[in-house]
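Enquirer: Okay, here's the structure, questions in a sec.
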Amino acid sequence: MASYQIVSQHPDFIVINKAANVHFHSQDGSAGVVAQVERELNIKLFAVHRLDTPTSGLIILAKSAQAANRFTQMFTQHQVQKYYLALASGKPKKKQGWVIGDMAKSRRSMYKLLRTKENPAITQFFSLSVGEGLRAYLLKPLSGKTHQLRVALASIGVPILGDELYGKHPSDRCYLHAYQLIFNYQDTEYQFSQPPVQGEHFSLGKLPHILQQQWLAPNDLPWPSKS
């Protein structure tokens, strides 16, 4: 598939759906997804958040420095709700709840979760069985740390399927996808939803039904409270 699709255009920003295994920033002599969109639209774009290379899904790109500053403030003040989907094999230490802890650099460009909570990565999640030995995770990050969701699932014993850095179950892709974005911009409510289209396991088992029924509106779910 193409490295991205444009989901929506606004005078101040665009929303794209990034494919898996596409770099966000340009590197190794190849154009990243932001540079590719700039080239297609012939405009300067400003990144206000990012996705890891193996992660697919929704990204907001601002069309001006002023819009970028507004979105940066919104992200800082947790006024942009982000929801992710992931698949993992095995039985988690807990099926829903919170993962909270500081993060520190580890080996091989990896990060690890610490027991301390001075400036923690915070993630809420639900999970449901979608097939034999496979569970789907609906993830709600309340912070924006590097590799946060990948580390969170690894910390409860279920690294994301196909995650070559943290996982142990090879697959056709890393099964992490930015599924929904919800925010209010200039007194208008926006909600963007993009189910995953890459990855054979995203279309198997019960997940399509779950997305159409139980997880269609993540913002309305009774998210687990802190224990």
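The values are calculated or read from the model by the stated rules, or taken from the named source; none is laboratory data. On a predicted model such as this, the values are computed, not experimentally measured, just so you know. Ideal geometry is used to build each Cβ from the backbone, glycine not excepted, and the neighbour counts take in all protein chains shown. For accessibility, only protein heavy atoms count, side chains too; no ligands or nucleic acids. Shrake-Rupley method; radii C 1.70, N 1.55, O 1.52, S 1.80 Å.
Enquirer: What ranking, highest mean first, results for peptides 176-188, 150-162 when packing means the other Cβ atoms within 10 Å averaged over each residue?
Expert: In decreasing order of mean packing, 176-188, 150-162 become 150-162, 176-188.
Enquirer: Another one. How much of the accessible area of the chain, probe 1.4 Å, is carbon plus sulfur, in whole percent? Before the final figure, lay out each step's value.
Expert: Numbers: 5340 of 11340 Å².
After summing per-atom areas, the C and S share lands at 47 percent.
Enquirer: Please tell me which of these pairs span more than 28 angstrom C-alpha to C-alpha: Lys145/Lys206; Lys44/Lys145; Lys63/Lys226; Lys145/Lys226?
Expert: Values: Lys145/Lys206 30 Å; Lys44/Lys145 26 Å; Lys63/Lys226 38 Å; Lys145/Lys226 20 Å.
Pairs exceeding 28 Å: Lys145/Lys206; Lys63/Lys226.
Enquirer: Bin all alpha-carbon pair distances of segment 1-63 at 5 Å intervals from 0 and give each bin's fraction as a whole percent.
Expert: All Cα pairs considered, the percentages come to 4, 19, 34, 28, 12, 2, 0.
Enquirer: How large is the accessible surface per residue of segment 101-227, computed with a 1.4 Å probe and reported in Å² as a whole number? Walk me through the numbers before you get to the answer.
Expert: Working: 6620 Å² over 127 residues.
Result: 52 Å² per residue.
Enquirer: At 1.4 Å probe size, with no ligands or nucleic acids counted, give the accessible surface of Arg70 in Å², nearest ten.
Expert: Arg70 exposes around 110 Å² with every protein chain in place.
Enquirer: Projected onto the charge dipole of segment 33-153 (+1 at Lys/Arg Cβ, -1 at Asp/Glu Cβ, origin at the Cα centre), which of Ala62, Ala47, Ser127 gives the Cα projection farthest towards the positive end?
Expert: Ser127
Enquirer: In addition: In Å, what is the Rg of the alpha-carbon atoms in segment 68-119, and how long is Dmax?
Expert: 15.1, 42
Enquirer: Let me ask another. Compute the separation of the alpha-carbon centres of segment 165-227 and segment 1-52 and state it in Å as a whole number.
Expert: 20
Enquirer: Under 20 Å from the Cα of Lys168, which aspartates and glutamates turn up, not counting those fewer than eight places away in the same chain?
Expert: Within reach: Asp52, Glu132, Glu200.
Enquirer: For the chain, what is the charge dipole size about the Cα centre, in debye to the nearest 20, if Lys and Arg each add +1 at the Cβ and Asp and Glu each add -1 at the Cβ? Please report the intermediate quantities before stating the final value.
Expert: Details: 25 positive and 15 negative charges, 188 e Å.
Computed about the Cα centre, the dipole is about 900 debye.
Enquirer: May I ask you to derive the relative contact order of segment 1-160, considering only C-alpha pairs under 8 Å and at least 6 residues apart, and to give it as an integer percent? Numbers along the way, then the final one.
Expert: Numbers: 296 pairs, mean separation 28.1, N = 160.
Result for segment 1-160 is 18 percent.
Enquirer: Still on this model: When all alpha-carbon pairs of segment 1-159 are counted, what percent fall beyond 27 Å?
Expert: Details: 3902 of 12561 pairs.
Of all Cα-Cα distances in segment 1-159, 31 percent exceed 27 Å.
Enquirer: Next up: Could you identify which residue out of Ser30, Ser56, Ser64 has the top mean-square fluctuation in a GNM of the chain using Cα springs shorter than 10 Å?
Expert: Ser30
Enquirer: Follow-up. Which values, in whole Å and largest first, are the semi-axes of the equivalent ellipsoid of segment 80-227 obtained as the square root of 5 times each eigenvalue of the Cα gyration tensor? All intermediate terms of the calculation are to be shown ahead of the outcome.
Expert: Values: eigenvalues 100, 87, 41 Å².
Working from the Cα gyration tensor, I get semi-axes of 22, 21, 14 Å.
Enquirer: Based on the Kirkwood radius over alpha-carbon pairs, what is the Stokes-Einstein translational diffusion coefficient of segment 164-227 at 20 °C with 1.002 mPa s viscosity, in µm²/s? Mind showing how you got there, number by number?
Expert: Numbers: Rh = 14.4 Å.
Calculated translational D: 149 µm²/s.
Enquirer: Based on the alpha carbons, how large is the Rg to Rh ratio for segment 71-154 when Rh follows Kirkwood? Numbers along the way, then the final one.
Expert: Details: Rg = 13.6 Å, Rh = 13.7 Å.
Using only Cα positions, Rg/Rh for segment 71-154 is 0.99.
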